[in-house]
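Only one structure is covered here, and it is reproduced in the block below.
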Amino acid sequence: MKDFKDIRKAFSMHVDLDDFIPATDEEKAYMVQMRPSSTFFRDGVKRLLKNKVATVSLIIIIIITLSSLLIPLFWPYGFGEQLGIQPGKPVDSSYGNLKPFEYGKTEQERIAAGEKVFPHIFGTDERGRDYFIRVVYGTRISLAVGFFASIIVLIIGMTIGSVAGYCGGAVDLVIMRIVDIIYSLPDMLMVILLASVLKKTLGSALEGTALEKIGTNIISLFIVFGVLYWVSMSRLIRGQILSLREQEYVLASRAAGAKGSWIIRKHLLPNSISVVIISTALQIPNAIFTESFLSFLGLGVNAPMPSLGSLASDALNGLSSYPYRMIIPAVVISLIVLSLNLFGDGLRDAFDPKLRN
Amino acid sequence: MSEHIEKNNDILVDVRHLKQYFNINVGWLMTKPLKAVDDVSFSIRRGETLGLVGESGCGKTTVGRSILHLYQPTAGEVIFNGRPIRNKADIRELRKKATMVFQDPYSSLNPRMTVSDIIGEPLDVHKAYKSKAERMERILELMDQVGLNSEHASRYAHEFSGGQRQRIGIARALALKPEFIVCDEPVSALDVSIQAQVINMFVELQEKMDLTYLFIAHDILVVRHISDRIAVMYLGKMVELADAGEIYDQPLHPYTRSLMSAVPQPDPIVAKANKRIVLSGDIPSPLNAPSGCPFRTRCPNAAPCCAESMPEFKEVKPGHFVACHRVNEL
Ligand SMILES: Nc1ncnc2c1ncn2[C@@H]1O[C@H](COP(=O)(O)OP(=O)(O)OP(=O)(O)O)[C@@H](O)[C@H]1O
Ligand code: SF4
Ligand SMILES: [Mg+2]
């Protein structure tokens, strides 16, 4: 027996066979353990946070959004408040066109009397309105318009796209030809035409309704987005549904007896949701840009309300004396659009690398 | 053939003159029927495994899916448990008794669902439980039956290997306690070492639950191991059907013979005696199949009569069906 063991040792060279004892059950369990469970969503968030550009963009978006929501709460001036006009007093023209950190006449008197007066960080415009708060409100309007317009685009695009993708056949054919037609229209021209026509026709129709407050221009803006920009969203979602419909798990679900609504809810929507979120996120800067562009042309939000585009447009008059009034809203627009786009790209890379092309 | 069936009460699935055509676009607004399955008749006995073999694209999957009415058959009839499947109510009943295991363990499991939701889907669809606890209990029981660790119930499918995924798919198929399962190449995407495990599991499950299988494969070796009878398809038609042993030892159709001659022989003496029959040419497209016998373009025995008419699928020996004009001559 001993001899045999020696021989065995000799044959096995440096490997001691006694080391190769069978694994205990505990060790086996350890070997087959799987990596910690991780959901698709958690993986995606991890990847997103690793992307520095996207993270910084997200932080910028959060800061801009929060400040546009919170600053008006404590800012002592309103966006429509003409500081030179006090009830019962003649118009004080010293408030018009103040440079940054300058004060109007009555304010200077109050400062001289030892009172503290909140500074006009960006000065005032030609009507004596605090420019900083106008920029803040303009940002708020632009963000809101961008967000809600994208939601409208999402709802219309998703409904039409999933109907086309799920029904297929003649329904799909008709819808996709309509999409092609809308797609081939020169969109900026259509936007301008629609916006100016709607501005006229909507004005009288809305009188006295709750919608009047929002302003005909914003509503026509939403209609323009709704009519024109759903096409790319619906194309995307149709493609997604078409490819998902062919997956075997959908067939398995049908083999189990599932109906159409079940399949859409349990299989098609959850698997296209990341695409939907990503393209909505990428739609927002698009909408903000279009809104600014329309406001710049005078087709945007109604008069006392500022938007970043209309602020820039107003600044055109005094461009040589007050260039910063043009630069500030332009910089804010660029910052919002750029960081939303970069964040959307990051979102896409993190959640759906296939979409990149 | 149909007389033979009616006498036999043990038939679970009876397929009669099943046709499944797909309309394929050829050019602008023009379609042409692709005859994926063309007039196929056979029956499956209760408790048996019928193997279905044939080259890729010959219509095996389509046969399986048409039987389950996942495609609406173009023509023909499927009789399940003595009742023809005609309307929606019949199909709904069929869904509870007959299911499918899919070929691709990746695309057949929804990546956004947990294992318990995947396995529980048929239960959810049919509301086959009274409480959440009962549902979970049944899911864990199913996972146990297919050899999955029940601790993994809340995991996502992408965390599993191919073999484990296929087990999840099998558990899903078993959820409603079916009588009949179409197994569509359930092992061809798996490693050889795992194939054996999964096939053995199919055999065990069949014994435990009195299951009837239509077992599809393109590899005749896989099918021989598990099947009682084997059917061979070529270009949408069934060319031969017989007991597994008989079709292995005495194939009658020239196509089956060529398939058998390609099977590696363990016995060198037999291997030498069996000359390998190598088919010439490619399998024709089902869009323009040859006239008469579909196999005639590649058949070593083809004669002028073969181009004229489609040979009848007839019983040449008890239980041995062949579709060949010249079966008695050679
Ligand atoms: N839904 C469909 N629409 C159109 N043609 C189809 C459809 N499904 C299958 N076909 C065609 O029908 C024929 C048979 O296909 P089927 O999938 O049944 O073959 P198969 O024998 O299962 O092949 P494989 O071994 O590759 O799975 C093929 O030519 C295929 O292109
Ligand atoms: S019918 Fe003719 S062509 Fe067809 S398999 Fe028989 S011999 Fe060959
Ligand atoms: Mg197949």
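The values are calculated or read from the model by the stated rules, or taken from the named source; none is laboratory data. Note that this is a predicted model, so its numbers are computed, not measured. Because the Cβ atoms are built from the backbone with ideal geometry, glycine has one as well, and the counts that use them run over all protein chains shown. Please note that ligands, DNA and RNA were not included when accessible areas were found on the heavy atoms of the full protein model with its side chains. Shrake-Rupley method; radii C 1.70, N 1.55, O 1.52, S 1.80 Å.
For the stretch A:82-118, how many residues meet the condition of being crowded, with 16+ Cβ neighbours inside 10 Å, free of Cβ contacts under 8 Å to residues at least 60 places away in the same chain and under 23 Å from A:Asp314 (Cα atoms)?
10
Working carefully through the options A:Leu143, A:Leu58, A:Leu154, A:Leu66, find the one that is out of contact with any strand residue (DSSP E or B) (no Cβ under 7 Å at 6 or more places or on another chain) and open to solvent by 80 Å² or more (accessible area, probe 1.4 Å). Break it down stepwise before answering.
Working: A:Leu143 fails: open to solvent by 80 Å² or more (accessible area, probe 1.4 Å); A:Leu58 fails: open to solvent by 80 Å² or more (accessible area, probe 1.4 Å); A:Leu154 fails: open to solvent by 80 Å² or more (accessible area, probe 1.4 Å).
On inspection, the qualifying residue turns out to be A:Leu66.
Please verify whether B:Leu221 is within 16 Å of ligand 1 (Cβ to nearest atom), assigned to a helix (DSSP H, G or I) and either more than 24 Å from A:Ala258 (Cα to Cα) or of a type in the set (A, V, I, L, M) (or both), treating the condition exactly as stated.
Details: within 16 Å of ligand 1 (Cβ to nearest atom): yes; assigned to a helix (DSSP H, G or I): yes; either more than 24 Å from A:Ala258 (Cα to Cα) or of a type in the set (A, V, I, L, M) (or both): yes.
In short, yes.
Scan the stretch A:177-194 and tell me whether some residue there is closer than 30 Å to A:Phe351 by Cα and open to solvent by less than 40 Å² (accessible area, probe 1.4 Å).
So far as the stretch A:177-194 goes, yes, one or more of its residues are closer than 30 Å to A:Phe351 by Cα and open to solvent by less than 40 Å² (accessible area, probe 1.4 Å).
Sort out which residues of the stretch B:308-328 are over 16 Å from B:Tyr255 (Cα atoms) and either in contact with a Ser or Thr (Cβ under 6 Å, 6 or more places away or on another chain) or within 11 Å of ligand 2 (Cβ to nearest atom) (or both), and write them in order of number.
B:Glu308, B:Ser309
Taking the conditions exactly as written (without any contact (Cβ under 8 Å) to a residue 24 or more places away in the chain and away from ligand 2 (no atom under 16 Å from the Cβ)), does B:Asp249 satisfy them or not? Walk me through it before giving the result.
Numbers: without any contact (Cβ under 8 Å) to a residue 24 or more places away in the chain: yes; away from ligand 2 (no atom under 16 Å from the Cβ): yes.
Judged against the criteria, B:Asp249 is a match.
Pick from the stretch B:99-122 the residues that are within 9 Å of another protein chain (Cβ to nearest Cβ) and in a helix (DSSP H, G or I): which of them is farthest from B:Val13 (Cα to Cα)?
Step by step, filter the stretch B:99-122, then rank; the result is B:Asp117.
Six or more apart or on different chains, Cβ under 6 Å: which pairs go from a residue in the stretch A:242-256 that's more than 7 Å from chain B (Cβ to nearest Cβ) to one that's open to solvent by less than 50 Å² (accessible area, probe 1.4 Å)? Could you list them?
Close Cβ pairs (under 6 Å, with a partner that is open to solvent by less than 50 Å² (accessible area, probe 1.4 Å)) amount to A:Leu242/A:Gly165; A:Leu244/A:Leu268; A:Leu244/A:Asn271; A:Val250/A:Ile263; A:Val250/A:His267.
On the basis of being in a helix (DSSP H, G or I), over 23 Å from A:Thr65 (Cβ atoms) and open to solvent by less than 20 Å² (accessible area, probe 1.4 Å), does A:Leu268 make the cut?
On the way: in a helix (DSSP H, G or I): yes; over 23 Å from A:Thr65 (Cβ atoms): yes; open to solvent by less than 20 Å² (accessible area, probe 1.4 Å): yes.
Considered against the rule, which asks whether it is in a helix (DSSP H, G or I), over 23 Å from A:Thr65 (Cβ atoms) and open to solvent by less than 20 Å² (accessible area, probe 1.4 Å), A:Leu268 comes out as yes.
Report, by residue number, each residue of the stretch B:54-77 that is more than 16 Å from ligand 2 (Cβ to nearest atom), more than 14 Å from chain A (Cβ to nearest Cβ), in contact with a strand residue (DSSP E or B) (Cβ under 8 Å, 6 or more places away or on another chain) and not hydroxyl-bearing (Ser, Thr, Tyr).
Passing the criteria: B:Gly59, B:Lys60, B:Val63, B:Pro73, B:Ala75, B:Gly76, B:Glu77.
One line per residue, one yes/no per condition, for (1) within 15 Å of the chain's Cα centre (by Cα); (2) at pLDDT 90 or above; (3) within 14 Å of ligand 1 (Cβ to nearest atom):
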| position | (1), (2), (3) |
| --- | --- |
| B:Val26 | no, no, yes |
| B:Asp38 | no, yes, yes |
| B:Arg46 | no, yes, no |
| B:Val53 | yes, yes, yes |
| B:Gly59 | yes, yes, yes |
| B:Gly64 | yes, yes, yes |
| B:Gln72 | no, yes, yes |
| B:Asp90 | no, yes, no |
| B:Pro105 | no, no, no |
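Which of (1) at pLDDT below 95; (2) closer than 23 Å to B:Leu12 by Cβ; (3) away from ligand 1 (no atom under 16 Å from the Cβ) does B:Asp191 not meet, given it meets every other one?
Going through (1) at pLDDT below 95; (2) closer than 23 Å to B:Leu12 by Cβ; (3) away from ligand 1 (no atom under 16 Å from the Cβ) one by one, B:Asp191 breaks only (2).
Table: residues versus (1) at pLDDT below 75; (2) away from chain B (no Cβ under 14 Å); (3) in a helix (DSSP H, G or I).
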residue: A:Ala10; (1), (2), (3): yes, yes, yes
residue: A:Ala23; (1), (2), (3): yes, yes, no
residue: A:Glu26; (1), (2), (3): yes, yes, yes
residue: A:Tyr30; (1), (2), (3): yes, no, yes
residue: A:Phe41; (1), (2), (3): yes, no, yes
residue: A:Ile59; (1), (2), (3): no, yes, yes
residue: A:Phe101; (1), (2), (3): no, yes, no
residue: A:Thr106; (1), (2), (3): no, yes, yes
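Could you check, for the stretch A:294-303, whether at least one of its residues is under 30 Å from A:Ser162 (Cα atoms) and part of a helix (DSSP H, G or I)? I'd like the intermediate steps shown before the answer.
Restricting attention to the stretch A:294-303, the residues satisfying the condition of being under 30 Å from A:Ser162 (Cα atoms) are none.
Within the stretch A:294-303 (the criterion being under 30 Å from A:Ser162 (Cα atoms) and part of a helix (DSSP H, G or I)), the answer is no, since none of the residues qualifies.
Any idea which residue in the stretch B:58-78 is most open to solvent (accessible area, probe 1.4 Å), counting only those that are away from ligand 3 (no atom under 16 Å from the Cβ) and touching a Lys or Arg at 6+ places or on another chain (Cβ under 7 Å)? Steps first, please.
Taking the stretch B:58-78 as the starting set, the residues that turn out to be away from ligand 3 (no atom under 16 Å from the Cβ) are B:69, B:72-78.
Checking which are touching a Lys or Arg at 6+ places or on another chain (Cβ under 7 Å) leaves us with B:73-77.
Working: B:Pro73: 19, B:Thr74: 73, B:Ala75: 39, B:Gly76: 47, B:Glu77: 47 Å².
Here the residue is B:Thr74.
Of everything in the stretch B:150-184 that's more than 12 Å from chain A (Cβ to nearest Cβ) and in a loop (DSSP other than H, G, I, E, B), which residue is nearest to ligand 3 (Cβ to nearest atom)?
B:Glu179
Kindly indicate which of B:Lys130, B:Lys88 is surrounded by fewer than 16 Cβ atoms within 10 Å (Cβ to Cβ) and either among the hydrophobic types (A, V, I, L, M, F, W, C) or away from chain A (no Cβ under 12 Å) (or both). Reasoning before the result, please.
Working: B:Lys88 fails: either among the hydrophobic types (A, V, I, L, M, F, W, C) or away from chain A (no Cβ under 12 Å) (or both).
From the options B:Lys130, B:Lys88, the qualifying one is B:Lys130.
From the list B:Arg155, B:Arg172, B:Arg167, which one is away from ligand 2 (no atom under 16 Å from the Cβ), closer than 24 Å to B:Leu94 by Cα and out of contact with any Pro (no Cβ under 7 Å at 6 or more places or on another chain)?
On the way: B:Arg155 fails: closer than 24 Å to B:Leu94 by Cα; B:Arg172 fails: out of contact with any Pro (no Cβ under 7 Å at 6 or more places or on another chain).
Exactly one residue qualifies, and that residue is B:Arg167.
Going by the conditions given, is A:Val227 away from chain B (no Cβ under 14 Å), open to solvent by 30 Å² or more (accessible area, probe 1.4 Å) and more than 30 Å from A:Ser307 (Cα to Cα)? Working first, answer last.
On the way: away from chain B (no Cβ under 14 Å): yes; open to solvent by 30 Å² or more (accessible area, probe 1.4 Å): yes; more than 30 Å from A:Ser307 (Cα to Cα): no.
Answer is no for this residue.
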